[in-house]
Amino acid sequence: MYSYGDLNLTEEEVDEVLRKAAEKIHLYGMETVAILTLESVKPVVYVGGELSRVVIAPFLPALGPQYDTLGDKLITIFEDRKNIEKLIVMLEKMAKGEKAPKEKDGKPPEKTEGAAPKEPEAPKGDAEPKKDAAEDGSKPKGWRRWLPF
Amino acid sequence: MTLTDSRARRPTVTDYMAAAVLAYGIVYFSVELYMYYSPPWPISYLFHYLAGLVPSYLVCRRTGSGELGVGVKSSAASWGFTTVSLTVFTEGSTMTFLALMLIMFLLGGLTAAYLALRRRLKPRGAEPSKAQDNSLNQPAP
C-alpha cells in the first residue's frame, strides 16, 4: 500500500499503471532506450518526484481534479525505485516476447493479430517497397517507420 | 526487488581489471602509432572511443541486467588504469588530454551499454535461447 496525503494506492493499482506504461513503450518499440533511460534516472527518481511535487503539482489542480489526482498518483508511483525496477523487468519481458501485452486498450501490437487472416506473400516488387514491407507484416513500429532504412 | 537468476549475474572485479588492461592496450597502440607515423589527429579520438567501447561491451556482455551502470563503471575503471599507466610509462599527458580521454571513454561505455542491452533483449536469430545466454562459455553461477 502506497500512501501520500489522501492518496492510497494498492499494489494492483501500481502494477496497472506500470503495465500501461510498459505497453505504451512496447507499442513504439522503444524498450531498449527506455530501459537505458530508466536505469540512468533510477538513482535520482526520489529527488525528481519530490521536485515535481514542488514545481509541477501546484499547477495540476488548474487542469482539473482528475489531472490533479492522476498527477499525484504518477508522482507517487514513479518516485519509488522499486517500481522503476518493476517497469524495467516488464519491459525486458515484453521485449523478449515472454509477456504479451493486454489488448483491451490502445492498439494491440501486430504480433497479437497473427490469428487474423494474412495476405499471401506477394513477390516483392521494385515499385513500392514500403507498401510491400507493410503488407508482409515486417513494417517497422513506432518512430522507426519514418526512417529511410 | 524481483530479480531472476540471469538478471542477478554481475561481472567481477577481475572482469573490470581485464577490461582496463585491454583499454590501455588500445590506447598504447595508438600512442605507438603516433610515434612512428603521423595519422590525422582526429583518429586518436576514434582510438580512445574504441578503447572505451570494446572492453566495456565485453564486460556488459557478462552482466544480466544494469548494463548502463556496468558500462560506465568499466569505462571509469579503464580510464583510471590508463591514466595511471600513461603517467608512469609515458610523459606529456596533460590534464586536457586526460579529460578528453575520459569523455571518449564514457561515450564508448554508453554505446557499449546500449549495444549489449539491445543484444540481450533482441539477440540475433529467430528467438533467444539459453545457448546464446552463455556465449562466452562461462561456468554456471
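The values are calculated or read from the model by the stated rules, or taken from the named source; none is laboratory data. Since the structure is predicted, the reported quantities are computational estimates derived from the model, not experimental observations. All Cβ positions, even for glycine, are placed from backbone atoms using ideal geometry, and neighbour counts span all protein chains on display.
Table: residues versus (1) more than 19 Å from the chain's Cα centre (by Cα); (2) touching a residue at least 24 places away in the same chain (Cβ under 8 Å); (3) assigned by TED's automatic domain parsing to the domain that holds A:LEU18; (4) part of a helix (DSSP H, G or I).
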| residue | (1), (2), (3), (4) |
| --- | --- |
| A:GLU39 | no, yes, yes, yes |
| A:LYS42 | no, yes, yes, yes |
| A:GLY48 | yes, yes, yes, yes |
| A:ARG53 | yes, no, yes, yes |
| A:LEU60 | yes, no, yes, yes |
| A:ASP68 | yes, no, yes, yes |
| A:GLY71 | no, no, yes, yes |
| A:LYS82 | no, no, yes, yes |
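Can you name the residue in the stretch A:43-99 that is touching a helix residue (DSSP H, G or I) at 6+ places or on another chain (Cβ under 6 Å) and among the acidic types (Asp, Glu) and, of all such residues, is farthest from the other protein chains (Cβ to nearest Cβ)?
Selected residue: A:ASP68.
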